[in-house]
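Notes follow once the structure below has been shown.
The values are calculated or read from the model by the stated rules, or taken from the named source; none is laboratory data. All values derive from a computational prediction rather than experimental measurement. Note that each Cβ is placed from the backbone with ideal geometry, even for glycine, and that neighbours are counted across all protein chains shown.
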């Protein structure tokens, strides 16, 4: 019963982003954080590796596609930096907030190789 409920809860936290056709990503939480939130998406994917390794594959792909490529102080972007979160809406469209792609975190870059250091994670980046 607990196992089934846990899988149902995990599925409720997943969404289908436009960036990855047909793949799901774990979000941070309902209802306000249904977006790619790097650290939370990676932690949920890591915890679910044994049961739903496809989440780790999708998360790694999404983050690798959005890895920093330039210096942008407004978004805290630097080459090689892993994004923190992505947001949509009026305030990000008009650049009142930097979260259209925001890189302002220091604790996710070291966790990326930890999630990648498994057979499915490595395969995810080879396939993209």
Hey, among the residues in segment 7-25 that are in contact (Cβ under 8 Å) with a residue 40 or more places away in the chain and in a loop (DSSP other than H, G, I, E, B), which one's nearest to residue 56 (Cα to Cα)? 20
Residue check, residue 58 in contact with a strand residue (DSSP E or B) (Cβ under 6 Å, 6 or more places away or on another chain), at negative phi and either surrounded by 15 or more Cβ atoms within 10 Å (Cβ to Cβ) or touching a residue at least 40 places away in the same chain (Cβ under 8 Å) (or both): yes
Of all residues in segment 61-76, which are closer than 12 Å to residue 108 by Cβ and buried (at least 19 other Cβ atoms within 10 Å of the Cβ)? 63
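Looking at 43, 57, 82 in this structure, which one is modelled with pLDDT of 85 or more, in contact with a helix residue (DSSP H, G or I) (Cβ under 9 Å, 6 or more places away or on another chain) and assigned to a loop (DSSP other than H, G, I, E, B)? Please lay out each step first, then the result.
On the way: 43 fails: assigned to a loop (DSSP other than H, G, I, E, B); 57 fails: assigned to a loop (DSSP other than H, G, I, E, B).
Only one candidate qualifies: 82.
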In the set 50, 70, 97, which member is at pLDDT below 85, farther than 21 Å from residue 117 by Cβ, in a loop (DSSP other than H, G, I, E, B) and more than 10 Å from the chain's Cα centre (by Cα)? 97
Which numbered condition residue 40 misses (of (1) in contact (Cβ under 8 Å) with a residue 24 or more places away in the chain; (2) surrounded by 13 or more Cβ atoms within 10 Å (Cβ to Cβ); (3) closer than 24 Å to residue 118 by Cβ): (1)
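Evaluate the following for residue 4: is it in a helix (DSSP H, G or I) and in contact with a strand residue (DSSP E or B) (Cβ under 6 Å, 6 or more places away or on another chain)?
So residue 4 fails the test.
If you scan segment 26-37, which residues turn out to be part of a strand (DSSP E or B) and closer than 23 Å to residue 114 by Cα?
Let us first name the residues in segment 26-37 that are part of a strand (DSSP E or B), namely 26, 29, 33, 37.
The answer is 26, 29, 37.
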